[in-house]
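Notes follow once the structure below has been shown.
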Amino acid sequence: MPKVLISDSMDPKAAEIFRANGIEVDEKPGLSKDELKAIIGDYDGLAIRSATKVTKELLEAATNLKVVGRAGIGVDNVDIPAASAKGVVVMNTPFGNSITTAEHAIALMFAVARELPQADVSTQSGKWEKNRFMGVELTGKTLGLIGAGNIGSIVAERALGLRMRVIAYDPFLTPERAIDLGVEKVALADLLARADFITLHTPLTDQTRNVLSRENLARTKKGVRIVNCARGGLIDEVALKEALESGHVAGAALDVFVEEPAKANPLFGTPGFIATPHLGASTTEAQVNVAIQVAEQMSDYLMTGGVTNALNMPSLSAEEAPKLKPYMELAQQLGSLIGQLVGRHITNVAIEVEGAAADLNPKPITGAVLAGLMRVYSDTVNMVNAPFLAKARGLDVREVRHDREGDYHTLVRVTANTPDGPKSVAGTLFGNAKPRLVEMLGMGIETELFGEMIYIANDDAPGFIGRLGSTLGEAAINIGTFQLGRRSAGGEAVLLLSVDHHVDRGLLERIKALPGVREVKPLRF
Ligand SMILES: NC(=O)c1ccc[n+]([C@@H]2O[C@H](COP(=O)([O-])OP(=O)(O)OC[C@H]3O[C@@H](n4cnc5c(N)ncnc54)[C@H](O)[C@@H]3O)[C@@H](O)[C@H]2O)c1
Ligand SMILES: O=C(O)CC[C@@H](O)C(=O)O
């Protein structure tokens with residue numbers, strides 16, 4: 001039974017869903033880094049929010065970990081390259097808290113427009129400072145969105161409802177989408193010069209870090225009000241403090257900070273500044289949404305292989321997963337066979353599908369071929385890390401889908417280009433479920449690929465099979481299955497035999513010494 005650890009506080013629905021799916025679950029929010037490291041090796045899945053830091057060091061200790069599920073959007077607390085290298089899938093829940101976070105941005109926009117928190121503190125302290133708190137209306141003002149993805153779009157929709165004019169800077173926003181949203185797509189310089197309010201809705205990347213730098217803050221309209229519910233690091237906090245103090249920026253509300261938890265921050269105490277402790281996603285509705293979603297996604301992956309919202313692997317729906325599973329087994333076997341035959345000399349690989357296989361999502365089939373193929377480099381390779389490993393090795397991968405009808409109702413062929421020319425293997429599914437090799441190096445041969453096997457290339461000649469049988473018999477090696485393929489009578493032939501015992505180097509040498517043998521290789525599946 002797979003085991004999942006929930007290491008941040010999460011709605012109880014998550015644990016309920018894991019248990020209902022037959023997964024054992026421990027809820028241990030608030031563990032220290034060392035405590036987490038000490039127990040992570042017991043778990044197949046780790047469900048987190050933003051407090052747990054999934055570092056390379058933690059992943060090294062996570063010897064059984066298969067999936068990290070982030071109940072939320074931002075995954076900057078997960079070292080995704082390190083997770084990919086370890087073959088761990090990283091998933092998030094990209095929509096579950098979008099409305100809630102957009103509403104928080106709108107709430108903070110009202111709060112900076114009318115200085116609501118400051119007015120509250122003043123009033124409850126017995127002052128009645130009616131003249132101190134002179135606000136501004138949102139109606140008719142220009143809102144500049146930096147980032148118009150899921151949350152930015154919802155903010156735009158709400159702001160238009162408030163009769164604001166909305167302009168957006170987002171290099172990936174298409175003109176059509178901007179028209180659909182009713183926003184004007186602008187350059188950053190234009191946004192800075194025109195916006196009365198600026199809200200930020202981008203991830204923190206090398207491109208977005210410090211997007212509101214000292215220089216860019218200086219380019220904003222005097223009296224601008226700024227809201228950040230996205231990520232700390234998008235704004236230069238010290239420069240913002242100075243801009244608030246000088247009055248260039250009239251107000252700023254931040255939910256996110258460069259350092260979190262933000263127990264001390266240069267902005268604290270600055271006039272016109274409002275802070276919330278990363279509350280963007282903190283509503284009952286959003287927390288239930290993300291908890292349910294992350295638990296369902298992780299359960300699907302652990303129990304059926306379905307992949308949804310993964311950041312380091314192609315998606316595979318729970319409906320597709322059972323259909324693709326035998327194909328992935330076949331693809332992995334073919335990749336493994338070609339890898340064992342050719343070794344590390346492959347420069348590029350083509351994965352062709354025809355018949356029923358051509359109607360399927362090709363990515364999992366490619367991932368499985370690469371997982372089999374890359375075993376020549378690493379025993380710990382799987383579908384998550386194989387494409388990364390292939391890329392790192394400079395392997396060129398091509399997917400080809402054929403419409404043609406072949407001899408088999410479904411077929412996957414893997415062709416590797418080697419210094420000795422192309423080498424290919426192909427397989428089908430019997431009864432849509434059982435992988436079978438049907439072609440090897442251009443010769444028809446039909447067999448299952450399993451356990452310990454021996455591959456022999458030889459000259460097709462009378463007496464060879466008898467001599468081979470005697471050699472194996474003398475070594476007390478029992479033959480399980482025995483399949484023969486040949487290019488032509490008396491020409492080149494291949495043999496694939498499964499054996500019940502490990503075949504040692506000495507025996508392989510004796511087989512190689514038999515007359516007519518061109519090549520011998522042990523295979524393992
Ligand atoms: N405060 C919170 O609690 C909270 C809650 C949820 C999400 N978030 C954060 O909000 C942010 C936005 O989330 P989302 O769901 O809208 O993400 P999203 O991926 O849907 O949208 C991000 C947008 O940023 C745009 N973008 C990327 N690079 C850009 C650049 N250099 N300049 C301008 N735009 C750029 C993208 O094109 C995209 O449209 C994320 O950082 C997420 O982590 C915070
Ligand atoms: O989990 C949280 O409270 C914050 C989530 C938020 O930052 C996100 O990126 O989804």
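The values are calculated or read from the model by the stated rules, or taken from the named source; none is laboratory data. Owing to the predicted nature of the structure, the values given are computational and were not obtained by experimental measurement. A quick note on method: Cβ atoms are made from the backbone with ideal geometry, for glycine too, and the neighbour counts reach across all protein chains shown.
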### Query
For the range 206-259, how many residues meet the condition of being within 34 Å of the chain's Cα centre (by Cα), away from ligand 2 (no atom under 16 Å from the Cβ) and of a type in the set (D, E)?
3
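Going by what's in this entry, would A51 be described as in a loop (DSSP other than H, G, I, E, B), within 16 Å of ligand 1 (Cβ to nearest atom) and buried (at least 23 other Cβ atoms within 10 Å of the Cβ)?
Working: in a loop (DSSP other than H, G, I, E, B): yes; within 16 Å of ligand 1 (Cβ to nearest atom): yes; buried (at least 23 other Cβ atoms within 10 Å of the Cβ): no.
So A51 fails the test.
If you take the residues of the range 244-274 that are within 12 Å of ligand 1 (Cβ to nearest atom) and in a strand (DSSP E or B), which of them is nearest to L46 (Cα to Cα)? I'd like the intermediate steps shown before the answer.
Pass one, the range 244-274, residues within 12 Å of ligand 1 (Cβ to nearest atom): 253-257, 260.
Restricting the remaining residues to those that are in a strand (DSSP E or B) gives 253-254.
Working: A253: 33, L254: 29 Å.
Filtering first and then ranking leaves L254.
Taking the condition within 16 Å of ligand 1 (Cβ to nearest atom), part of a helix (DSSP H, G or I), outside the structural domain of A20 (by TED's automatic domain parsing) and polar (S, T, N, Q), does N216 pass?
On the way: within 16 Å of ligand 1 (Cβ to nearest atom): yes; part of a helix (DSSP H, G or I): yes; outside the structural domain of A20 (by TED's automatic domain parsing): yes; polar (S, T, N, Q): yes.
In short, yes.
Could you grab me the full set of residues in the range 197-217 that are free of Cβ contacts under 8 Å to residues at least 12 places away in the same chain and either buried (at least 24 other Cβ atoms within 10 Å of the Cβ) or of a type outside the set (V, I, T) (or both)? Before you say what the answer is, go through the steps one by one.
Residues of the range 197-217 that are free of Cβ contacts under 8 Å to residues at least 12 places away in the same chain, as a first pass: 205-207, 215.
Across the range 197-217, the qualifying residues are D206, Q207, E215.
Would you pick out the residues in the range 350-364 that are buried (at least 23 other Cβ atoms within 10 Å of the Cβ) and at pLDDT below 95? Reasoning before the result, please.
Filtering the range 350-364 down to residues buried (at least 23 other Cβ atoms within 10 Å of the Cβ) leaves 351, 357, 364.
P364, the sole residue that qualifies.
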### Query
Filter the range 302-318 for residues that are touching a residue at least 12 places away in the same chain (Cβ under 8 Å) and in contact with a Gly (Cβ under 8 Å, 6 or more places away or on another chain); which is surrounded by the most Cβ atoms within 10 Å (Cβ to Cβ)?
L316
### Task
Answer yes or no as to whether T220 is surrounded by 15 or more Cβ atoms within 10 Å (Cβ to Cβ) and touching a helix residue (DSSP H, G or I) at 6+ places or on another chain (Cβ under 9 Å).
yes
### Matching residues, the range 69-88, being away from ligand 1 (no atom under 14 Å from the Cβ) and either in a loop (DSSP other than H, G, I, E, B) or buried (at least 24 other Cβ atoms within 10 Å of the Cβ) (or both)
G69, D79, A83, K86, G87, V88
### Query
Which one of these does R225 not meet: (1) outside any helix (DSSP H, G or I); (2) surrounded by fewer than 21 Cβ atoms within 10 Å (Cβ to Cβ); (3) away from ligand 1 (no atom under 13 Å from the Cβ); (4) not polar (S, T, N, Q)?
(2)
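Restricting to the range 368-413, what's the tally of residues that are aromatic (F, W, Y) and closer than 16 Å to Q340 by Cβ?
Restricting attention to the range 368-413, the residues satisfying the condition of being aromatic (F, W, Y) are 377, 388, 408.
Okay, now just the ones that are also closer than 16 Å to Q340 by Cβ, so 377.
The total comes to 1.
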### Query
With respect to the numbered conditions (1) surrounded by fewer than 17 Cβ atoms within 10 Å (Cβ to Cβ); (2) within 16 Å of ligand 1 (Cβ to nearest atom), which one is the sole condition not fulfilled by A159?
(1)
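Might you let me know whether the range 147-157 holds any residue that is under 31 Å from the mean Cα position of the chain (by Cα), under 21 Å from I274 (Cα atoms) and more than 16 Å from ligand 2 (Cβ to nearest atom)?
Step one: of the range 147-157, the residues under 31 Å from the mean Cα position of the chain (by Cα) are 147-157.
Add one more test, that the residue is under 21 Å from I274 (Cα atoms), and what stays is 151-152, 155.
If we keep only those that are more than 16 Å from ligand 2 (Cβ to nearest atom) as well, we get none.
Looking through the range 147-157, none of the residues is under 31 Å from the mean Cα position of the chain (by Cα), under 21 Å from I274 (Cα atoms) and more than 16 Å from ligand 2 (Cβ to nearest atom).
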### Task
Report, by residue number, each residue of the range 128-154 that is assigned to a helix (DSSP H, G or I), hydroxyl-bearing (S, T, Y) and out of contact with any strand residue (DSSP E or B) (no Cβ under 9 Å at 6 or more places or on another chain).
none
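May I ask you to say which residue of M91, M134, M109 is closer than 21 Å to G272 by Cβ and either within 16 Å of ligand 1 (Cβ to nearest atom) or touching a Pro at 6+ places or on another chain (Cβ under 9 Å) (or both)? Can you show your working first?
Numbers: M91 fails: closer than 21 Å to G272 by Cβ; M134 fails: either within 16 Å of ligand 1 (Cβ to nearest atom) or touching a Pro at 6+ places or on another chain (Cβ under 9 Å) (or both).
Answer to the check: M109.
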## Note on the structure
Screening K127, K56, K33, K37 for residues that are among the charged types (D, E, K, R) and either within 16 Å of ligand 2 (Cβ to nearest atom) or assigned by TED's automatic domain parsing to the domain that holds A262 (or both) leaves only K127
### Task
Please report, ordered by residue number, the strands (runs of 3 or more DSSP E) entirely within the range 396-506 with at least 2 residues that are within 32 Å of the chain's Cα centre (by Cα).
396-401, 410-418, 421-430, 434-440
### Query
Counting only residues that are within 8 Å of ligand 2 (Cβ to nearest atom) and either among the aromatic types (F, W, Y) or out of contact with any Gly (no Cβ under 9 Å at 6 or more places or on another chain) (or both), how many does the range 281-295 have?
1
